[in-house]
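See structure below.
The values are calculated or read from the model by the stated rules, or taken from the named source; none is laboratory data. Remember, predicted model here, so these are calculated numbers, not experimental data. Cβ coordinates were reconstructed from backbone atoms using ideal geometry, including for glycine residues, and neighbour counts include every protein chain displayed. To get the accessible areas, we keep the full protein, side chains included, count just its heavy atoms, and leave off ligands, DNA and RNA. Shrake-Rupley method; radii C 1.70, N 1.55, O 1.52, S 1.80 Å.
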Amino acid sequence: MTTIILKRLLAAIPVLFGLSIIVFLMIALIPGDPATAILGSFATPENVAALNADLGLDKSLPQQYLAWISGVLQGDFGRSYALNRPVIDEVLERFQATLILAGASLLLASIFGLLAGIVSAVRQFGFADKAITLFVLIGISVPSFWLGLILIFFFAVKIRLFPASGMEAVYGGGGFLDILHHLVLPAVTLAVVATGVIARLTRTAMLEVLRQDFIRTARAKGLSERRVIYVHAFKAALVSVIPVIGIQAGFVLGGAVYIETVFQWPGIGAMLVNAISQRDILLVQGGVLVVAASYVLFNLAADVLQVVIDPRLK
Amino acid sequence: MSETAIASPSEAQKSKARPRRPSAFALLLNNRLAAFGLVVLVLVVASALLAPLLPLADPNATDPANRLAPPLSDGHLLGTDALGRDMLSRLLWGTRVSLAVGLSASVIAAFAGSLIGLIAGYAGGRTDQLLMRFIDLMMAFPYILLALAIVAVLGPGLINALYAIAIVNVPFFARNIRGITVGLARREFVDAARLSGKGPVRIVASEILPNVLPTIVITLSTTVGWMILETAGLSFLGLGAQPPQADLGSMLGEGRKVLFTSPFVSLVPGLMIFLVVLSINLLGDGIRDVLDPRLKAGALAKPSARTAVEKNRRWPETKKDETSDAVLDVKGLETQFRIGRSIHRAVGGVDLSIRPGECLGLIGESGSGKSVTAMSLTGLVPSPPGRITGGKVLFETDDLLAVSDKELRALRGGAVSYVFQDPLATLHPLFPVGDQIAEAIRAHQPLDRSEARAKVLDLMRQVRIPNPEARMEAYPHELSGGLRQRISIAMALANDPKLIIADEPTTALDVTVQAQVLKLLDGLRRERGTAVLFITHDFGVVSEIADRVAVMYAGRIVETGPTAEVMANPAHPYTRMLIDCVPVMGEPERRLDAIPGRPPPVDDLPDGCAFADRCPRAAADCRSGDIAMRDIRGRIEARCLHPLSPGDALRGAA
Ligand code: SF4
């Protein structure tokens, strides 16, 4: 078990390295003079010179990368000029909120997507299957940022069941229940697309597995239909659905950008949008790197989980 | 299903479907959802294209006095926004922008991605590796995040958003196209083009591109919707269209500011995005089904837990009372597969009976219906497409086709158990074998875990598995073929069955292991007095284990009798041929497929004897009427008008 995890971690290192290069190149690829772009119209020549020295832009690219990555590895992502604080502090603070939101969404999407997919397969062509197929179709076509607005209008403005924005109540908030209360709408909105995708793939995977010889064996043993479907078929189907859940983690982390903006959730997505508008490139750089790295880890977890379920993959 | 009887009807079906294949467009329109998507999309695109010609208000003319007028108010069908601009006009102009941006992004992504895919796939080697590494790296980023990073570099703006969305979609095209190209680059017609001196650019353009076009279209159909959605999304975030320019996303972003008081300002543009994306996705699903039918959602029908049985099935009345003591007595069993409009009579009226402790060998070529017969007995034939249309399966006194689901479940794996052909496919790959045996026990006996474990070990010892304590933790793929089949046998013995149905249990094994497993089965059934229905295509195997044999051809029994008698003096020409196929030491090339010709297709059986086309003794009278089973020399029954007598040569008779 530990060896599997270690192996996958080792395999993830080149990916992380590649990611870091792309993220690093963001600065170099800025059209024109990066320092002027970052500092914007308030740039004085002294500021530009200072930032240039800070970024080490006078050195060669490999040297710049080495300097940058050794800083990153020590938690030094540079300074946000707009916020006037170290990038790492802001990113880590925001990332917690994103993890709560994305984690809750992925959990919702996995539970409901798997359930819907199984029901859909078992009741193939029946009413439940058609209803679920329709939901999937709508789910993967609806703009999540619009759905969020509709849910806010209905649940926050009309019936006042859930708060419209933020993560904690302004006064006396911050407890688990308070965050949960704030979490419901954004998490549900963010989960819709992923639920649809997972449901669709689970349905296909279940239908494929149900035709396998080992399912016939399970029936020939005299097992109950419940056991055949929920134990034998589901476990086999899960093997092909887990990587999909891993990929959905990426869509959820990315989609959080919209949802955090709509619900003013203080996460990294909303931070990135603001940072881009303010051309706070170093903050964007740090944020993108952290989210991308966490996505790699999500996929790694999915990989390991898959091996745990399917010993043939060892 | 190991038996080709399942595969062959679908092949026959394919060849039948070919001549009347409608055009791709007609197929698309046949799909109601896809047609609906197409209609909606055409309407939206048309109204967006015609926006300049329609009698619309100026989309940018502000009118503060009339701000946030509700829909259906005077002169403003969809109301006005926070600056008093006409929503309908803005909606159509915004749709124009959104469609233009989304489609441009799609074209760029398709072009760049396909190019990368073609180059990587065709060039192979280091070029391929390098390009695909880079593509993988792009995919290691969460989708929208990479687009954000690109916008961050280029700066906010509609055109930059377009580039960003195009770039993040490049990998989907590159991967799909490369996959197809790699396969194509090794094909003969490409080699031929290469030999004729064409350069790589011309080969890719003239030989490969036409073949990857469907894949490009499929990828496009799945990504266009996203691209429109995501460009709108970037505008919504304020990173795309900048005022006064407006697309659907930026309209939604502005509407959000007055959400609480005038929700329709957000509702309208969002609804339009939804409609566009939905119709594209519906159309895309339809296109995919047409171009790549394998992926079609409905193509995989879910098999039911039990074969469907026709309500008013019939069975022949017993003529003699020879089978009263039988443990299994099958009368006139008929199983069909209904695929499309054709009906395949896989089993066309089979009678079998097995006495307690007896081993009956059911033998025939693949496709003869022997496996389907075996599966039909306890309803294990998948429905759809399978259906039992006639006959009776008497097990002791119960008709297995009529018992309740609950009773059937109690019998399956209880009094009647199975051993299947390929234990690697028939054992569950993800559970340890010990657990699978224990599960079989606990489905029928109220044992707790430790009792079940003891029983598992005992069973594993009975089937001579060395070191059972360690082996019970193993997964099927960790065991050898022989051990796996022993596990299957242990599972079949778990609840002291009265009847074991063994469907080609030794076929997947190599010869020495085959002999061991055969010996084991034979020993066990004699010790325990278990009846066995042993299905095989190999007379060599039958002669070692079966007391009696039944030979099956094209869904019916054509000869039955005591093994020794049938082996020595078969009456039916087909039986003779099967026996001649048994490999003789030193002549390994004599195999079953040595019988010339093929069995007739079971959806189109000829009149008269089904074997006539392959039979050297066939005469005119063989080709009409139903040929009944007849007693021959008192001990054998055969379905033949000109049976062989002992010593008859097969050829040159009649
Ligand atoms: S009935 Fe005629 S065709 Fe059929 S096996 Fe006998 S001899 Fe051959």
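Along the axis of the charge dipole computed for chain A (Cβ charges of +1 for Lys and Arg, -1 for Asp and Glu, origin at the Cα centre), the listed residues A:Gln278, A:Trp68, A:Leu177 are led at the positive end by A:Leu177.
Give the angle, between 0 and 90 degrees and rounded to the nearest 10, that separates the Cα long axis of helix A:2-29 from the longest principal axis of the Cα atoms of chain A. Compared with the principal axis, the helix lies near 40 degrees. Counting Cβ atoms of other protein chains within 10 Å of each Cβ in B:401-409 and taking the mean gives 1. Compared with the dominant Cα axis of chain A, that is its longest principal axis, helix A:176-209 is turned about 50°. For the protein assembly as shown, a simple Cβ point-charge model (Lys and Arg +1, Asp and Glu -1, everything else neutral) yields a dipole of about 1260 debye relative to the Cα centre. Shown for chain B is the translational diffusion coefficient from the Stokes-Einstein equation, using the Kirkwood radius over Cα pairs, a temperature of 10 °C and a viscosity of 1.306 mPa s: 52 µm²/s. At full extension, A:Arg85 and A:Ala49 could sit 11.0 nm farther apart than now, given 0.36 nm per residue minus the alpha carbon distance. FRET efficiency for the pair A:Val308 and A:Ile138, taken as 1/(1 + (r/R0)^6) with r the Cβ-Cβ distance and R0 = 56 Å, rounds to 0.95. Is there a pair in A:Lys221/B:Lys498; B:Lys331/B:Lys370; A:Lys221/B:Lys311; B:Lys311/B:Lys498; A:Lys130/A:Lys235; B:Lys311/B:Lys392 whose C-alpha atoms are over 18 Å apart, and which pairs would that be? Too far apart for the 18 Å limit: A:Lys221/B:Lys311; B:Lys311/B:Lys498; A:Lys130/A:Lys235. Highest-first packing order for the peptide set B:402-408, B:97-103 is B:97-103, B:402-408, based on the mean count of other beta carbon atoms within 10 Å. If the label point is 7 Å along Cα→Cβ of B:Phe36, which residues in segment A:109-129 have backbone nitrogen under 18 Å from it? Of the residues in segment A:109-129, A:125-129 have backbone N under 18 Å from the label point off B:Phe36. What FRET efficiency would be calculated for the residue pair B:Ala568, B:Asp496, taking the C-beta separation as r and a Förster radius of 41 Å, to the nearest 0.05? My answer for the efficiency is 0.70. Membrane-span-like helices in chain B, defined here as complete DSSP H runs extending at least 24 Å along the helix axis by their C-alpha atoms with mean Kyte-Doolittle hydropathy no lower than 0.0, are B:32-49, B:87-123, B:158-185, B:209-236, B:264-291; this is a sequence and geometry rule, not a statement about a membrane.
Once the Cα atoms are used to define both axes, helix A:268-277 deviates from the longest principal axis of chain A by about 40 degrees. For segment A:90-313, the solvent-accessible area of protein heavy atoms averages 37 Å² per residue (probe radius 1.4 Å; ligands and nucleic acids excluded). The magnitude of the dipole of segment A:90-313, with charges of +1 and -1 set on the Cβ of Lys/Arg and Asp/Glu and taken from the Cα centre, is near 1040 debye. Remark: mean inter-chain Cβ contacts per residue of A:223-230 equal 3, using a 10 Å Cβ-Cβ cutoff to other protein chain atoms. For the pair A and B, the buried accessible area comes to roughly 6800 Å² in total, with a 1.4 Å probe and the value rounded to the nearest 100. Comparing the full protein assembly with the isolated chain (1.4 Å probe, heavy atoms, ligands and nucleic acids excluded), the residues of segment B:462-507 losing at least 50 square angstrom of accessible area are B:His477. In percent, rounded to a whole number, the relative contact order of segment A:90-313 is 29, using alpha-carbon pairs under 8 Å and six or more apart. By accessible area, using a 1.4 Å probe on protein heavy atoms only, the protein assembly as shown has 61% of its surface on carbon and sulfur.
Each Cα pair under 8 Å and six or more residues apart adds its separation to the average, and for segment A:100-192 the resulting relative contact order is 37 percent.
Here segment B:302-373 and segment A:15-52 have alpha carbon centers that stand 78 Å from each other. Among B:Ala65, B:Val153, A:Leu51, pick out the residue whose Cα is farthest towards the positive end of the charge dipole of the protein assembly as shown, where Lys and Arg carry +1 and Asp and Glu carry -1 on C-beta, about the Cα centre. Result: B:Ala65. Only alpha carbons enter this Debye calculation for the protein assembly as shown, each as an equal point scatterer, and the log10 of I(q)/I(0) it gives at q = 0.08, 0.09 Å⁻¹ is -0.91, -1.06.
Take the Cβ atoms of B:Leu77 and A:Ala131, set R0 to 41 Å, and the FRET efficiency comes out at 0.80. Contact with the other protein chains removes 30 Å² or more of accessible area, compared with the isolated chain and a 1.4 Å probe, from these residues of segment A:284-308: A:Val288, A:Tyr295. Charge dipole of chain B (Cα centre as origin; +1 on each Lys and Arg Cβ, -1 on each Asp and Glu Cβ, all else neutral): 880 debye, rounded to the nearest 20. Computed from the alpha carbon atoms alone, the convex hull of segment A:90-313 holds 144 Å³ per residue. Comparing the full protein assembly with the isolated chain, the residues of segment B:219-261 losing at least 50 square angstrom of accessible surface (1.4 Å probe) are B:Leu229, B:Phe236, B:Leu237, B:Arg256, B:Leu259, B:Phe260.
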